[in-house]
Amino acid sequence: MKSWKSLQALFVSLVMVIVVTACGGNAGSTPADSSTAEGGANSGSASGEVKITLLNSKGEIQTQLEDAAKAFKEDYPTITLEIVPVPAGQSPFEKASALYAANSPSTITMLDTGDVEKFKDRILDLSGEKWMSDKVDGSTDLTTFDGKNYAFPLSIEGYGFIYNKAVLDKAVSGSFDPATITTTQALEDLFKKIEASGTGALIVSPMDWSLAAHYLPLAYAGQSADKAVVNQFITDLKGGSVDLSTNKVFNGLMDTFDIMKEHNIDKASPLAGTYEKGPEVLGKGEVGIWFQGNWAWPQISSFDTASGAYGFLPVPISNNPDDFGNTQISAAVSKRLVLDKEKSTPEQQAAAKTFLEWMVYKEKGQDFLINKANIVPAFKNITLEPQDPLAKSIGAYISGGKIEESMSALPADHWSKVGASMQKYLAGAADRATLAKEIQEYWTTVK
Amino acid sequence: MISEKGLWSRLRLRLLFTGPTLFAFATVMIVPFLYGIYLTFTNWDGISTTSTMVGFENYAYVLKDAVFWKSFYLTLKYVIISVALVNVVAFLLAYFLSSGLKGQSFFRAGFFIPNLVGGIVLGFVWQFIFSNVLVSIGQKTGIAVFGTSWLADPDKAFFALIIVTVWQYAGYMMVIYVAGLMNVPKDIMEAASIDGATAFRKLRTMILPLMVPSFIVCVFLSLQRTFMVYDLNLTLTKGGPFKSTEMVSMHVYEKAFLSRDYGVGQAEALVLFLLVAGITLLQVYFSKKLEVEA
């Protein structure tokens, strides 16, 4: 019996040893400088060959990126670029933080704008890069901290009402001019005309991210063309001093939403719709309008019956065509590339920087961005014209100065929590006062 | 003989056999668990290189987090209804498929198969059934209850979850009940038949008491599985419509990974662990007392 007790003691101490060593090992590997040295040992830098990885969170361009890696290797034979996809349904933040926790981050990580700040201790300062002088104005504002820019702006994405021109031409009996829709009233008339022509007016997709990361933020961004005012509005929301129920822009936007609900082809069961249904009914011409962004083009094009004639309409918030937001569509840099500084060797970092420059300045790189991946680039030096109609439409709004900055740095759980409130409103399970109250309550809990 | 050898050689022998498993268990279960407990006292966000110790702040937040308790209450409701239904259905299936029905092995296999399908796949398949197949049947035949998608209505979505859960687990529990039924001594049943007991009488006073061990196992398994439901919840309803079917596991996950509040998420996970461990231990403890000797 006595020896059994000592065995137990031994067992406990064994567990303690494991715990202590495991924790110690974890703590020891955090300093950035010591780990770069050990990272150097396992990459074959001696032969001049460099292998880098890119974590891709834009699933729709996975094959295009893989082709780009091949084209890049033709230009730079010593650099091998491997594209690692983020599994479907996982967020880039989740995957990237898991990789960091496992001490094996990818050299280049594609993040959403709002996530960059969280990684700033672990990623490279890119302020000194050549492309900084050619980037679109303001495209790195949200990834600049303490005067240093930490991310490469990969793509501009925009959203609004996507229209099928074939359906709208029939509805207005002539060639539809998107510039005529600048007020809520004009939009409602258009819905009625489409319905009169025997087609569904629009489909409202009920995904929480669409309602709360795209639609509702129009109420924040639409407060003013001046970004400082918008930022102050967000600060006031957090402080709880905003009364949304009397806010003109919010009410205007929700008035438009009421009209959308009224003419929604899924009106009978508004929450039953799926994302996949949107591009199908729009592409087939069963509805004229869908609230969504240019990333939906690959899906729309597979159902296209309007020979590629699509474009964006702004979401009006009042009946005064001069109000801010009535002629603008929402667009912003959505995906960013950041370079790891903890585990990558100087050679790998240099190679990754070369890849970024290759996309902006080399013919093959630009060809990949614009022609292959249908990306609206955030660089002024690129003169290639995008091929897809939605990217073209965004390009037209950008060059016309008709852009309202998307709220791409909202709190991480905004789309999910406020999305639930928006869904309630869409389904008629809550009125506008409840919605306003829930949104305000959400903001006061944001840290 | 082991007992004749010295302490060291006995330890060596034990380590030889249990060492590898012990090591694996410690590294993948014990250490992460302890590290997790450590994280509940920090305000780590999941990525930053630094975090501060915040003491019991996270636990205080858990107590105040109304959404956590709401989803816990919802989960409790879901657990009670589905554990009851799973076990009743499983027992009835086992009873009828052990009574010498023609082709009973085929039926047993059929009812067991849903359990072989992973929760994720199963969720997607049923999502299609609820939002497409049933809706189109409803619209063609005019049956109002199927006219709109069940997953778009809070109450119906909750019952959709229960239906799929019962469908998934009943077959598995049935197998355990079949084994239990086989273990009911034949001589007792025979004696009962000779004494002229009816089938219901035999079921109530002989079969059910003798099968208490099977019930303990099945209720334990279904309790634990339904409490921790996540995969089905995620793929069938995604917690929707408007978060009305968000079970507690999903809430914990979202707290940690979506709201980037690792400390609070971990604290909620620990609270959940303690609650579920407590409930299942109580269940086993009290139902053990119902066991009888044949």
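Values for this structure:
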{"read-out": "Matching option when the condition is of a type in the set (A, V, I, L, M, F, W, C) and open to solvent by 60 Å² or more (accessible area, probe 1.4 Å), among B:F111, B:F91, B:F72", "value": "B:F111"}
{"read-out": "When residues of segment B:114-126 are limited to those that are touching a residue at least 60 places away in the same chain (Cβ under 8 Å) and open to solvent by less than 50 Å² (accessible area, probe 1.4 Å), the one nearest to the other protein chains (Cβ to nearest Cβ)", "value": "B:G123"}
{"read-out": "Number of positions in segment A:190-213 that are at positive phi and within 14 Å of chain B (Cβ to nearest Cβ)", "value": "0"}
{"read-out": "Condition met for A:I403 (touching a helix residue (DSSP H, G or I) at 6+ places or on another chain (Cβ under 7 Å) and within 21 Å of A:P298 (Cβ to Cβ))", "value": "no"}
{"read-out": "Candidates B:F273, B:F257 - the one that is within 14 Å of another protein chain (Cβ to nearest Cβ) and either open to solvent by 10 Å² or more (accessible area, probe 1.4 Å) or among the hydroxyl-bearing types (S, T, Y) (or both)", "value": "B:F257"}
{"read-out": "Count of residues meeting criterion [more than 11 Å from every other protein chain (Cβ to nearest Cβ) and either assigned to a helix (DSSP H, G or I) or within 17 Å of A:Y275 (Cβ to Cβ) (or both)] in segment B:139-155", "value": "6"}
{"read-out": "Segment B:1-27 - residue that is more than 9 Å from chain A (Cβ to nearest Cβ) and open to solvent by 100 Å² or more (accessible area, probe 1.4 Å) and, of those, nearest to A:F93 (Cα to Cα)", "value": "B:F25"}
{"read-out": "Residues satisfying the stated conditions in segment A:234-249, i.e. over 14 Å from A:S330 (Cβ atoms) and out of contact with any Phe, Trp or Tyr (no Cβ under 6 Å at 6 or more places or on another chain)", "value": "A:I234, A:T235, A:D236, A:G239, A:G240, A:S241, A:V242, A:D243, A:S245, A:T246, A:N247, A:K248"}
{"read-out": "Among residues of segment B:214-231, those that are surrounded by 18 or more Cβ atoms within 10 Å (Cβ to Cβ) and either of a type in the set (S, T, N, Q) or within 14 Å of chain A (Cβ to nearest Cβ) (or both), counted", "value": "3"}
{"read-out": "The one condition in (1) open to solvent by 40 Å² or more (accessible area, probe 1.4 Å); (2) basic (K, R); (3) closer than 20 Å to A:K135 by Cβ that A:K335 fails to fulfil", "value": "(1)"}
{"read-out": "Residues of segment A:251-299 satisfying the condition of being open to solvent by 40 Å² or more (accessible area, probe 1.4 Å), away from chain B (no Cβ under 13 Å) and not in a helix (DSSP H, G or I)", "value": "A:I265, A:K284, A:E286"}
{"read-out": "Among the residues listed as B:F91, B:F124, the single one being closer than 26 Å to B:L234 by Cβ and not hydroxyl-bearing (S, T, Y)", "value": "B:F124"}
{"read-out": "Close pairs (7 angstrom Cβ cut-off, 6 or more residues apart or separate chains): more than 28 Å from B:D45 (Cβ to Cβ) and away from chain B (no Cβ under 14 Å) in segment A:429-447, open to solvent by 50 Å² or more (accessible area, probe 1.4 Å) and part of a helix (DSSP H, G or I) anywhere", "value": "A:A433/A:S245; A:A436/A:S245"}
{"read-out": "Residue count for segment A:72-114, restricted to those that are open to solvent by 10 Å² or more (accessible area, probe 1.4 Å), within 14 Å of chain B (Cβ to nearest Cβ) and among the aliphatic types (A, V, I, L, M)", "value": "6"}
{"read-out": "Filtered residues of segment A:69-84 (kept if outside any helix (DSSP H, G or I) and of a type in the set (A, V, I, L, M, F, W, C))", "value": "A:I79, A:L81, A:I83, A:V84"}
{"read-out": "Any pair with Cβ under 7 angstrom, 6 or more apart, that starts in segment A:130-152 at a residue that is over 20 Å from A:Q349 (Cβ atoms) and ends at one that is assigned to a loop (DSSP other than H, G, I, E, B) and open to solvent by 10 Å² or more (accessible area, probe 1.4 Å)", "value": "A:D134/A:K380; A:D134/A:N381; A:V136/A:K380; A:L142/A:S408; A:L142/A:A409"}
{"read-out": "Residue within segment A:233-248 that is open to solvent by less than 10 Å² (accessible area, probe 1.4 Å) and either assigned to a helix (DSSP H, G or I) or away from chain B (no Cβ under 14 Å) (or both) present", "value": "yes"}
{"read-out": "Test result for A:E66, part of a helix (DSSP H, G or I) and touching a helix residue (DSSP H, G or I) at 6+ places or on another chain (Cβ under 6 Å)", "value": "no"}
{"read-out": "Subset of segment A:59-82 [touching a residue at least 24 places away in the same chain (Cβ under 8 Å) and closer than 28 Å to B:F124 by Cα]", "value": "A:G59, A:E60, A:I61"}
{"read-out": "Flag if A:S393 is among the hydroxyl-bearing types (S, T, Y), part of a loop (DSSP other than H, G, I, E, B) and more than 14 Å from chain B (Cβ to nearest Cβ)", "value": "no"}
{"read-out": "Failed item, numbered, when B:I176 is tested on (1) buried (at least 21 other Cβ atoms within 10 Å of the Cβ); (2) hydrophobic (A, V, I, L, M, F, W, C); (3) touching a residue at least 24 places away in the same chain (Cβ under 8 Å)", "value": "(1)"}
{"read-out": "In segment B:179-202, the residues that are open to solvent by less than 40 Å² (accessible area, probe 1.4 Å) and basic (K, R)", "value": "none"}
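Residues checked against (1) out of contact with any helix residue (DSSP H, G or I) (no Cβ under 8 Å at 6 or more places or on another chain); (2) aromatic (F, W, Y); (3) at pLDDT below 85:
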| residue | (1), (2), (3) |
| --- | --- |
| A:A352 | yes, no, no |
| A:E357 | no, no, no |
| A:V360 | no, no, no |
| A:G365 | no, no, no |
| A:A373 | no, no, yes |
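Listed here are the residues, each with its yes/no results for (1) over 30 Å from B:M206 (Cβ atoms); (2) modelled with pLDDT under 85; (3) among the aromatic types (F, W, Y).
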{"site": "B:F111", "(1), (2), (3)": "no, no, yes"}
{"site": "B:V133", "(1), (2), (3)": "yes, no, no"}
{"site": "B:K140", "(1), (2), (3)": "yes, yes, no"}
{"site": "B:S149", "(1), (2), (3)": "yes, yes, no"}
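Residues are listed down the side, and each one gets a yes or a no for (1) surrounded by 16 or more Cβ atoms within 10 Å (Cβ to Cβ); (2) closer than 24 Å to B:L270 by Cα; (3) out of contact with any Asp or Glu (no Cβ under 7 Å at 6 or more places or on another chain):
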site: B:L161; (1), (2), (3): yes, no, yes
site: B:R204; (1), (2), (3): no, no, yes
site: B:N233; (1), (2), (3): yes, yes, yes
site: B:L236; (1), (2), (3): yes, no, yes
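So that you can scan it fast, the table gives a plain yes or no per residue for (1) of a type in the set (G, A, S); (2) closer than 15 Å to B:S259 by Cβ; (3) within 11 Å of chain A (Cβ to nearest Cβ); (4) open to solvent by less than 80 Å² (accessible area, probe 1.4 Å):
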| site | (1), (2), (3), (4) |
| --- | --- |
| B:L34 | no, no, yes, yes |
| B:T42 | no, no, no, yes |
| B:T49 | no, no, yes, yes |
| B:Y61 | no, yes, yes, yes |
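The values are calculated or read from the model by the stated rules, or taken from the named source; none is laboratory data. Everything numeric in this text was worked out from a predicted model, so none of it was measured. Note that we place each Cβ from the backbone using ideal geometry, even for glycine, and neighbour counts take in every protein chain shown. What goes into the accessible areas is simple: the full protein's heavy atoms, side chains included, and nothing from ligands, DNA or RNA. Shrake-Rupley method; radii C 1.70, N 1.55, O 1.52, S 1.80 Å.
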